[in-house]
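Have a look at the structure below, then the notes.
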């Protein structure tokens, strides 16, 4: 069963910490929405951005390419992307493709928010 892709941008810690909540399947069809969501974050708040994967059901190679693109954009502007809520399978995939060398991974959104 295909789960509809949805994205929602929220702010935590009194509005200072952007969190992009991603649910459903991350494929090439999700790229524009993910990038637009990131781009809509004010520049002064892009220092640290959390991607919440708690409700993500599937990520293919095009989805991974989108994540790499975001990590690159963030790095170029001296910011950091952090991942939260990856299930065991997705965490292993991120490790295999080397993304764990470039992002901090938190077990849950709560642990990401409370991380200093």
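Restricting the search to the stretch 7-26, which residues are in contact with a helix residue (DSSP H, G or I) (Cβ under 9 Å, 6 or more places away or on another chain), surrounded by fewer than 14 Cβ atoms within 10 Å (Cβ to Cβ) and modelled with pLDDT of 95 or more? 8, 11 - these are the residues of the stretch 7-26 that are in contact with a helix residue (DSSP H, G or I) (Cβ under 9 Å, 6 or more places away or on another chain), surrounded by fewer than 14 Cβ atoms within 10 Å (Cβ to Cβ) and modelled with pLDDT of 95 or more. Taken across the stretch 85-94, residues that are within 22 Å of residue 24 (Cβ to Cβ), under 12 Å from the mean Cα position of the chain (by Cα) and in a strand (DSSP E or B) do not occur at all. Residues being in contact with a strand residue (DSSP E or B) (Cβ under 8 Å, 6 or more places away or on another chain) and at negative phi: count how many of those fall in the stretch 76-98. Total satisfying the criteria: 12. Condition check: assigned to a helix (DSSP H, G or I) and in contact (Cβ under 8 Å) with a residue 12 or more places away in the chain. Does residue 22 satisfy that? No: the conditions fail for residue 22.
When you look at residue 74, is it out of contact with any helix residue (DSSP H, G or I) (no Cβ under 9 Å at 6 or more places or on another chain), buried (at least 19 other Cβ atoms within 10 Å of the Cβ), free of Cβ contacts under 8 Å to residues at least 40 places away in the same chain and within 17 Å of residue 22 (Cβ to Cβ), yes or no? No; evaluated as a whole, the condition is false for this residue.
The rows are residues; the columns are (1) under 20 Å from residue 78 (Cβ atoms); (2) free of Cβ contacts under 8 Å to residues at least 24 places away in the same chain.
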residue	(1), (2)
4	no, yes
13	yes, no
27	no, no
38	yes, no
50	yes, no
54	no, no
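Of all residues in the stretch 32-51, those satisfying the criterion of being in contact with a strand residue (DSSP E or B) (Cβ under 6 Å, 6 or more places away or on another chain) and not in a helix (DSSP H, G or I) are 41, 48, 49, 50, 51.
For the stretch 100-113, taking the residues that are assigned to a helix (DSSP H, G or I) and modelled with pLDDT of 95 or more, the one that is surrounded by the most Cβ atoms within 10 Å (Cβ to Cβ) is identified as 112.
Of the residues screened, residue 54 is one that is in a strand (DSSP E or B) and out of contact with any strand residue (DSSP E or B) (no Cβ under 6 Å at 6 or more places or on another chain). Put simply, of 4, 29 the only residue that is loosely packed, with under 14 Cβ neighbours inside 10 Å, assigned to a helix (DSSP H, G or I), at pLDDT below 95 and more than 12 Å from the chain's Cα centre (by Cα) is 29.
Among the residues making up the stretch 33-48, those that are out of contact with any helix residue (DSSP H, G or I) (no Cβ under 9 Å at 6 or more places or on another chain), exposed (fewer than 14 other Cβ atoms within 10 Å of the Cβ) and at pLDDT 95 or above are 36, 40, 42.
The values are calculated or read from the model by the stated rules, or taken from the named source; none is laboratory data. Just so it is clear, the model here is predicted, and its values are computed rather than measured. Quick reminder, even Gly has a Cβ in these numbers, built from the backbone with ideal geometry, and neighbours come from all protein chains shown.
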